[in-house]
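Only one structure is covered here, and it is reproduced in the block below.
Rule-based calculations on the coordinates, nothing more; no lab input. Quantities reported herein were computed from a predicted structural model and do not represent experimental measurements. Heads up, the Cβs are rebuilt from the backbone with ideal geometry, glycines too, and the neighbour counts pull from every protein chain shown.
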Amino acid sequence: MTDRPPRRFWGIVPAAGIGRRMGAELPKQYLEIRGKPVLQHTLERLLAVEVFSAVVVAVAAQDRAWPHLACAGHPRIRTAPGGPERADSVLAALRALEASAAPDDWVLVHDAARPCITGADVLKLIHTLADDPVGGLLALPVSDTLKAVESGAVAETVDRGRIWRALTPQMFRYGALLHALEDAARQRRPVTDEASAIELQGLRPRIVEGRPDNIKITRPEDLPLAAFYLERQCYE
Ligand code: CTP
Ligand code: MG
């Protein structure tokens, strides 16, 4: 039997959005929670898991705040230029790994705007999918009753049993994800997460139930909520 080299893990953090729905002066990843920028929380959480050979952060060209972030000089942090859509930013980060990553290495893509990610959830994703041929994502079953709406009125009640909310990290093989995102870009198919690109290849990403406190900071009211979760996690 030949020894295969151990499979490596790479982190990718798209952080090149402008935070339109937040409506703040700074992009939301630089707003402070409990004395630290959101992005600093997110990167500290990922680096603490200690599985990543490197974490590539996609940073917008006009971003002046990045160099001042405490994590910016960390030896396991690299950067790539962000693009106009989230998928473009992720693609740029994947390309930045071209000389380092092998096609079978795992890549975990995690939103900069999700600072409450726990090491336990990252490890749960990694351990659940370790032998999976495709990969998958953290997700949450919905708890509200769901309505499909047309012209301001209910068209039908949707079967909630089959609906999950996609979170991040999303974990796929380097080669497969690069190919899937390049294909989606070539076909001009909009993809709002990595799983959608993999699905367009006819593959079925696995679902791993994540924690409900892994929220994506989107609107102003999410900031105090994230602060509450971060504080509470300190006592777990
Ligand atoms: N993102 C990115 N490049 C883009 C757009 C988004 O790297 N062109 C990143 C964001 O920085 C964020 C993650 O993708 O960490 C999720 O996107 P979202 O929550 O939509 O952030 P924004 O696009 O910044 O917010 P909005 O849609 O309200 O403008
Ligand atoms: Mg957006």
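Straight-distance candidates among the aspartates and glutamates for linking to residue 147, with alpha-carbon spacing under 18 Å and chain neighbours fewer than 8 residues away dropped: 156, 159.
Rg to Rh for segment 106-215: what is it, with Cα atoms only and Rh by Kirkwood?
Computed over Cα atoms, the ratio is 1.01.
Report the FRET efficiency, 1/(1 + (r/R0)^6), for residue 61 and residue 36, where r is their Cβ-Cβ distance and R0 is 30 Å, rounded to 0.05. It comes to 0.80.
Neighbour counts of C-beta atoms inside 10 Å place 74, 110 in the sequence 74, 110, starting with the fewest. If R0 equals 25 Å, the separation of the Cβ atoms of residue 127 and residue 74 corresponds to a calculated FRET efficiency of about 0.50.
In the chain, how does Rg compare with the Kirkwood Rh, expressed as the Rg/Rh ratio over alpha carbon atoms? My calculation of the ratio gives 0.97. Over the chain, DSSP H runs of length four or greater, each weighted -39,500 (n - 2.57), average out per residue to a 222 nm ellipticity of -8500 deg cm²/dmol.
Which FRET efficiency, nearest 0.05, do residue 162 and residue 104 yield, Cβ-Cβ r, R0 25 Å? Plugging the Cβ-Cβ distance into 1/(1 + (r/R0)^6) gives 0.20.
If you take the Cα centroid of segment 165-227 and the Cα centroid of segment 58-104, the two points sit 17 Å apart. Going from the fewest other Cβ atoms within 10 Å to the most, the residues 111, 193, 131 appear in the order 131, 193, 111. In summary, no helical segment of the chain meets the span-like criteria, namely a full DSSP H run, a Cα extent along the axis of 30 angstrom or more and a mean Kyte-Doolittle hydropathy of at least -1.0. Here the label points at residue 235 and residue 25, each 7 Å from Cα along the C-beta direction, are separated by 3.5 nm in the simple model. For residue 80, the residues whose amide H sits under 5 Å from its own are 57, 58, 59, ignoring neighbours fewer than 5 places away on the same chain, with H placed 1.01 Å from N.
Residue order for 123, 31, fewest other beta carbons within 10 angstrom first, comes to 123, 31. Within the straight-line cut-off of under 19 Å between alpha carbons, the lysines reachable from residue 28 are 36, 216, sequence neighbours fewer than 8 places apart in one chain being disregarded.
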